[in-house]
Each structure stands twice: as C-alpha cells, then as structure tokens.
Amino acid sequence: MELEKISSVIKEDEQQDKPSFTLSEEKNSDEVFIELLNSAGKEASKIWKVDVLYGWHSKSGRYKHVVKITCRLDGQEFYYLLEDLRDKKKVDNIVNSLGSIAMIKPSYIKYFTECADQMILESKVKKVEDGISKYVPFDLGSLNALQHYEVIYRHVLDNLELFPKKSSNTFDKDNHEGAILDKEFPVNDNGSFTVAYVREDFRQLFQSRSSNEYNEILEGLYTLGVLTAKQTKASKNISERFTIEKTLAKGVEVKYFAIRIDPSLIRGGKF
C-alpha cells in the first residue's frame with residue numbers, strides 16, 4: 001500500500017511539472033515563444049520580430065538558415081546566419097549592429113535563436129529559391145563597416161551641394177567637401193557614383209574616434225569595396241594608403257579619398 005501511495009504522489013507531481021500549454025492551432029508561434037522564454041524574451045518580442053529564410057549559401061557551398069530580424073518600431077530589417085546567432089563569440093558584433101536602431105541586449109539573442117528553432121520545428125520557414133547570399137553578403141566583421149558607410153552615404157546625399165561635379169570646374173576648398181568624379185567614374189546603371197572626399201573633411205565625420213578606430217573604419221570601407229586603395233600592398237600609414245592627390249578644379253590640388261556611393265548597399269537606398 002505504501003508503494004502505491006508513493007507512486008500516486010509521483011504521478012501527481014509529474015502532472016504538475018508538465019507545461020500548461022501545448023503547440024496547437026489555437027496559439028500562434030509568437031504566443032508560444034513568449035511562454036517558452038523569460039521576461040527578456042517578452043521584452044524583446046515587443047521590439048523585434050523574427051522570421052527564418054532557408055536557401056543556398058554560395059560562400060559556404062551549403063544550404064543554410066538565415067534569421068530575419070525586423071525592428072517593430074521602424075520596420076528596418078537585418079539578416080544573420082542562424083549559426084552566427086548561436087556563436088557566443090559573435091554576440092557582441094550582433095548587439096553592436098542592432099544597438100543604434102533600438103534597445104538590444106545579449107539576452108535578446110537567445111530569444112532570436114529560440115524563435116528560429118521553433119519556426120524550423122514547425123516548418124514555418126520561407127525557402128528562397130535564388131539563394132540567401134544576397135541577404136548576408138558580408139561577414140559579421142563587416143557589419144560595423146557597413147554602418148560607417150551608411151554615415152558617409154547619407155551625408156553625401158543630404159549635402160550634394162557640397163560635392164559639385166568635377167567637370168563643372170567649380171570645386172572650392174573653402175565651400176566644398178569634395179567633388180563627384182563624373183568623368184573618371186560615370187554613373188552606373190544602378191545609380192552609383194564616386195566622390196572625391198577631401199581627406200580632412202572626411203575625418204570630421206568620425207572626429208570622435210581614436211586614430212586606431214579611424215584606421216579600422218578605413219580598412220572596413222576598403223573591405224566593402226567602396227574605398228579605392230592607391231597602394232595595393234598594406235602600408236604602415238593607413239590613411240596614406242587610400243589617399244589620392246590630384247586637382248578637383250583648375251589649379252586646385254587636394255588630398256582626397258575616392259569613395260563609391262552605391263544605393264545597392266543600403267536598404268531603402270534608392271536616390
């Protein structure tokens with residue numbers, strides 16, 4: 001009899017320990033995720049929306065999952081390989097890339113991965129027929145470079161009067177920050193063009209950064225393919241490696257960086 005009573009108590013405890021919810025048609029994925037996760041997950045779900053894509057990743061030569069993270073506040077979208085979200089060494093890079101948009105915490109990354117895993121289990125994944133490489137063209141190390149590039153991109157487009165066409169021969173050191181190199185680099189089909197950005201004025205965009213940080217920004221822009229290198233080999237003086245010294249108007253010679261302004265690198269970046 002004692003054994004039967006003990007067995008009965010254990011069964012009751014097991015029943016109490018079972019989750020009070022099950023995956024069913026009555027609850028959508030978001031509701032299940034919120035129940036599965038702690039308060040950090042609930043907090044994150046108010047700011048960020050998670051979706052999962054699946055397709056061919058040309059760089060690795062494999063099919064992979066990409067997690068699409070959308071900011072509910074302004075609709076901006078970000079894409080990360082699921083494996084990168086799982087990598088603890090890359091969490092800081094992800095947090096940094098999202099931190100300028102809305103509130104983000106390292107604990108939110110766990111929420112993103114849990115959501116993605118749940119969607120995969122429920123087969124709520126969008127298959128991308130033409131591959132996922134276009135969504136994750138850069139490794140995480142380049143994400144910060146892309147954010148720096150957007151600072152340049154927005155500044156140039158918002159202040160085009162500071163960048164006259166070189167062919168106009170109107171560049172003035174005192175009134176302009178550079179010139180559009182319209183003859184050397186004609187406008188491409190996608191609308192991209194190249195500006196000669198006076199080196200001292202360019203530095204002002206990142207004046208709060210240390211010399212080492214500034215050099216990393218230049219290297220990152222070169223890695224993205226938007227900054228022209230004067231020298232193909234690495235140089236101890238990073239700034240000089242990318243410095244071009246030529247005239248931008250008759251008799252006006254300056255030191256500048258040649259930077260491509262490319263809308264295809266910026267979401268919603270059409271002119």
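Things to note:
- Residue-normalised accessible area of region 155-205, expressed per residue, 1.4 Å probe, Å²: 56 Å²
- Carbon + sulfur, % of accessible area of region 80-219 - ligands and nucleic acids excluded, 1.4 Å: 47 percent
- Seen from residue 133, the other residues with C-beta closer than 10 Å to its C-beta sum to a net charge of +2, counting Lys and Arg as +1 and Asp and Glu as -1.
- Rg and Dmax of region 49-206, both derived from C-alpha coordinates alone, stand at 19.9, 62 Å.
- If you sort 135, 80 by accessible surface, 1.4 Å probe, largest first, the order is 135, 80.
- Accessible surface computed residue by residue for region 59-136, with neighbouring protein chains in place and a 1.4 Å probe, gives 56 Å² per residue.
- Violating pairs (Cα-Cα greater than 20 angstrom) within the set 64/124; 46/105; 89/134: 89/134
- Highest mean packing comes first when the peptides 45-55, 114-124 are listed by Cβ atoms within 10 Å, giving 45-55, 114-124.
- The length gained by stretching the chain between residue 159 and residue 86 to full extension, at 0.36 nm per residue less their Cα-Cα distance, is 22.2 nm.
- Proximal charge balance of residue 69 [Cβ under 9 Å; K/R count +1, D/E count -1]: 0
- Summing +1 for each Lys or Arg and -1 for each Asp or Glu among the other residues whose beta-carbon sits under 9 angstrom from that of residue 166 gives 0.
The values are calculated or read from the model by the stated rules, or taken from the named source; none is laboratory data. Note that the structure is predicted; figures quoted are calculated from it, not measured. For neighbour counting, all protein chains shown are included, and Cβ atoms are generated from backbone atoms with ideal geometry for every residue, glycine included. For the accessible areas, the whole protein counts, side chains as well, though only heavy atoms, and no ligand, DNA or RNA atoms are used. Shrake-Rupley method; radii C 1.70, N 1.55, O 1.52, S 1.80 Å.
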